[in-house]
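**Student:** First the structure, then my questions, so here it is.
The values are calculated or read from the model by the stated rules, or taken from the named source; none is laboratory data. Only a predicted model underlies this, so the values are computations on that prediction, with no experimental measurement involved. Glycine also receives a Cβ, built like all others from the backbone with ideal geometry; neighbour counts cover every protein chain displayed. Note: accessible area is taken over every heavy atom of the protein model, side chains too, but ligands, DNA and RNA are not part of it. Shrake-Rupley method; radii C 1.70, N 1.55, O 1.52, S 1.80 Å.
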Amino acid sequence: MVRSFSFTDGQPPHFYLQQLRVIVQLRNLVVQFDKAMETVASFFKEERDPWFIRGERKGREEKTAKAVRNMIRKGFSDVDICEVQEVTPEYVARIREEMENER
């Protein structure tokens, strides 16, 4: 059964999704939000949501940075790190600099 929603106050649907995100964060309702999102999965594709895409990209970036840090600690050369992690030499240099500043 698919429900149709209509908004009588003239606000676009994404306005309400943004309000829902704020409420979920403020009230720590992640579990309930996940259950609610399962029910709307038939018409709301999470993979196309800009916030989902942003979070996914950030997660990949953090994972890559962590892997590069670990490879630096293990003594891998910059060339090997670039090849394995598919990053630029400038990226490795930036991570090395960050690690030096942390000491």
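**Student:** When the residues of the range 32-47 are narrowed to those that are polar (S, T, N, Q) and without any contact (Cβ under 8 Å) to a residue 12 or more places away in the chain, which ends up nearest to E98 (Cα to Cα)? Break it down into steps so the answer makes sense when it comes.
**Tutor:** Just the residues of the range 32-47 that are polar (S, T, N, Q), to begin with: 32, 39, 42.
Subsequent filtering for residues that are without any contact (Cβ under 8 Å) to a residue 12 or more places away in the chain retains 32, 39.
Values: Q32: 38, T39: 43 Å.
So the residue we want is Q32.
**Student:** Something else now. Between residues in the range 48-71 that are touching a residue at least 12 places away in the same chain (Cβ under 8 Å) and open to solvent by 70 Å² or more (accessible area, probe 1.4 Å) and residues that are in a helix (DSSP H, G or I) and not β-branched (V, I, T), which pairs lie under 8 Å by C-beta distance while being six or more apart or on different chains?
**Tutor:** W51/R21
**Student:** If you scan the range 72-97, which residues turn out to be surrounded by 12 or more Cβ atoms within 10 Å (Cβ to Cβ) and either among the charged types (D, E, K, R) or not in a helix (DSSP H, G or I) (or both)?
**Tutor:** Step one: filter the range 72-97 for residues surrounded by 12 or more Cβ atoms within 10 Å (Cβ to Cβ), giving 72, 76, 78, 80-82, 84-85, 87, 91-92, 94-96.
Within the range 72-97, F76, D78, D80, V87, R94, R96 qualify.
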